[in-house]
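What follows draws every value from the coordinates through simple rules; no lab data is involved. Since we're looking at a predicted model, the values are computed, not measured. Neighbour counts run over all protein chains shown; Cβ positions are idealised from the backbone, glycine included.
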Amino acid sequence: MAISKSVKVAISLPRDTWKKLEAVRRERGETRSALFLEAVHLWLENRDRQAQIRRYEEGYRRIPESPEEVAACEQAAAALLATEEWA
């Protein structure tokens, strides 16, 4: 992952957390910067995913499935399950 411009950031961590991070960093052979960058990217992705889920849920609450749609889904699921070989 190429970084065009970087800034230095100082953070404080509990000592136990720091020790765990250092162990992971050494095990993976990565720099601290790479480890923290990966963690921040994962956090941002998770944050975006959670926002998408909230939007989906809000939309569902505004326009929930009709009883007919629920019945159609149940019929489709039953038909699909009937084709499965059960051991």
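Of the residues that make up segment 1-16, is at least one of a type outside the set (A, V, I, L, M, F, W, C), surrounded by 10 or more Cβ atoms within 10 Å (Cβ to Cβ) and without any contact (Cβ under 8 Å) to a residue 40 or more places away in the chain? Checked segment 1-16: no residue is of a type outside the set (A, V, I, L, M, F, W, C), surrounded by 10 or more Cβ atoms within 10 Å (Cβ to Cβ) and without any contact (Cβ under 8 Å) to a residue 40 or more places away in the chain. For the structure I just gave you, tell me whether Leu44 is in contact (Cβ under 8 Å) with a residue 12 or more places away in the chain and out of contact with any strand residue (DSSP E or B) (no Cβ under 7 Å at 6 or more places or on another chain). In short, no. Candidates are the residues of segment 26-56 that are farther than 21 Å from Ile11 by Cα and more than 16 Å from the chain's Cα centre (by Cα); the one that is surrounded by the most Cβ atoms within 10 Å (Cβ to Cβ) is Arg28.
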